[in-house]
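Below is one structure; the comments refer to it alone.
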Amino acid sequence: MKKYKLEEIGSRSNLNAAYTVTDPVRGTVATGSPERGIPANHRSWPMPHRTLFELAPHFMGPGGVAGSGDPNSFVFTKPGEYLTTSWYSLEQIVNGGWRSGSEGIDWNYHPAHLGGMHRGGTGFYNDGPMHPYRLAWSIFWFYQTRPTDWAPNYFAGCTCGFMQRHIFQGVGVPFMDQAEAAGQINLEERKQLQEALALAFLDTVERYRPDQWTRRLDDNSPNRDSATFETVDYVAHYNPAWTYDLAGQGFMADYYYLSVKTLKERGYVTTPTLNRLIDWGVSIWPKGEWQLLRP
């Protein structure tokens with residue numbers, strides 16, 4: 001892999017610029033300065049974005065976004081996927097300290113890379129390990145390191161970090177479906193993992209009032225996107241024609257409804273957890289068809 005000097009990486013990525021960040025506790029501070037207020041003996045670097053390890057191999061490796069040549073020569077190979085996921089996982093370990101939150105990881109990439117390690121993005125292979133526990137660990141970190149005083153839309157304009165469109169990762173089921181079908185996790189193991197992921201999700205989202213979530217102006221298609229929730233008047237419901245790409249299309253409420261429905265019908269979560277999931281849905285979209293999901 002080609003090596004770059006730090007200043008070259010900074011100029012290529014445009015991410016090491018001297019941004020300022022508004023912190024709800026300490027006010028506006030300069031990124032990377034002592035004013036960030038990180039106390040001694042905490043393992044964290046004072047940067048709000050991708051922190052210590054600036055660019056992962058899928059950017060800087062041969063054929064990566066910033067590289068040259070065949071764009072599939074490295075990124076969608078088993079070594080390329082492995083090195084990329086290891087890169088992000090190391091970020092999680094090193095930057096898990098003082099108020100690093102979830103901003104040190106690019107959540108547009110990390111779970112997707114972990115979920116795609118068994119197959120090449122261009123169909124080059126489909127026989128790699130699936131790492132369901134490693135994916136779960138990543139999502140646990142995602143939820144548990146978020147400072148409790150950060151509102152859901154904190155750093156809302158950033159393209160990385162904890163965004164509203166990522167919030168439902170703890171109730172997702174498609175990747176685990178594939179892992180179970182491939183024999184890389186059995187049913188009982190999956191139930192335990194889905195329960196733990198759902199609880200991690202709940203422990204995070206239950207911190208916030210319904211009015212703290214960013215909502216769209218109305219529920220017409222021009223205002224639909226994957227970064228906002230529907231209005232409080234939206235009727236969350238189930239449509240058998242819908243699939244798990246709903247969230248990416250901006251149908252956030254219906255994606256959540258479909259996920260909870262699946263968790264219930266397959267017995268992946270306990271009754272108390274199911275009721276908490278439904279209660280949260282009621283608090284966000286009170287007109288939804290939630291009673292149909294009750295045990």
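Throughout, read-outs are computed from the coordinates displayed, never taken from laboratory work. None of the values given here were measured: they were computed from a predicted structure. A quick note on method: Cβ atoms are made from the backbone with ideal geometry, for glycine too, and the neighbour counts reach across all protein chains shown.
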> What ranking of Phe201, Phe168, Phe229 emerges when the number of other C-beta atoms within 10 Å of each C-beta is taken as an exposure proxy, fewest first?
Replying inline: Phe168, Phe229, Phe201
> Taking H as built 1.01 Å from N, whose amide H comes closer than 5 Å to the amide H of Phe229, not counting residues under 5 places away?
Replying inline: Thr214, Arg215, Arg216
> In the neighborhood of Asp203, defined by Cβ-to-Cβ distances under 12 Å, what is the net charge if each Lys or Arg adds +1 and each Asp or Glu adds -1?
Replying inline: +2
> Is there a pair in Lys261/Lys287; Lys78/Lys264; Lys264/Lys287 whose C-alpha atoms are over 24 Å apart, and which pairs would that be?
Replying inline: Lys78/Lys264
> Among His237, His118, which comes first, second and so on when ranked by fewest other beta-carbon atoms within 10 Å?
Replying inline: His237, His118
> So for Leu197, Leu292, fewest C-beta neighbours within 10 Å to most, what's the order?
Replying inline: Leu292, Leu197
